[in-house]
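Undergrad: Could you have a look at this structure, given as structure tokens, before my questions?
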Amino acid sequence: MNSSSTSRTSRWLFQGLLAAATVAGCTLSDLTENMFTEEPLPSGDGGGTTTSSTTTTSTTTTTTSGGGAGGSGPAVPPLDCGDKLECPLEGDGACCWRSGQGSGVCIDGPANPATCNTSPGPSNRRTRIECQVPEHCPTGSVCCGTLQGNYYTQTVCTAQCADPAITLCDPVAPNCPASAPDCVSSSLLPPGYYVCRP
């Protein structure tokens, strides 16, 4: 059989298979999905891995993603807690800062004097820090510091900062209100913290 006859025969076989599949309610992809071995598929911008596993009747896709665009979202940066210490924000993670001593510790749990005593007094005056920059807060809220005399009792995410609360800001992309437009370094919070000032 010459190549012309072989080509015609192959074409007729393919057309016959396609016609039979159409009558049976199948598509071309149903006929060809098991022709290839299982291989990882390229992931999206999220840096995850997508694996496709197939059977003769259906296709199942399992996706594991590693964050970033197209994944579970960008990772939230940790809190600076002084002396190169960084505290995670998962759960009730926070930094307990003692401005008088210029030191802090990472804590995990709801606000509690046993873990971070923020009441006034010579041996206390700690700050429970739950946010540092706008990225630490949900959309529509801001990071506010509650100022009490010469120290902050806390920094928390709230809908808005009401006096005497001070808005914490990011000097790279300031989010300061018109009443306090300058984003300046704080002398009462750990290094790397900025607050809005008039």
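Undergrad: Please report the net charge: other residues with Cβ closer than 15 Å to the Cβ of L147, K and R +1, D and E -1.
TA: Value of the local net charge: +3.
Undergrad: Mind putting a number on the dipole of the range 79-197 about its Cα centre? Charges go on the C-beta only, +1 for Lys and Arg and -1 for Asp and Glu, and I need it in Debye to the nearest 20.
TA: With Lys and Arg at +1 and Asp and Glu at -1, about 420 debye.
Undergrad: Counting Lys +1, Arg +1, Asp -1, Glu -1, what net charge surrounds L188 among other residues with beta carbon under 13 Å of its beta carbon?
TA: The answer is +4.
Undergrad: Per the Kirkwood formula on distinct C-alpha pairs, the Rh of the range 79-197 is how many angstrom?
TA: With all distinct Cα pairs of the range 79-197 included, I get 14.1 Å.
Rule-based calculations on the coordinates, nothing more; no lab input. Here the structure is a predicted model, which means the values were calculated and not measured. Ideal geometry is used to build each Cβ from the backbone, glycine not excepted, and the neighbour counts take in all protein chains shown.
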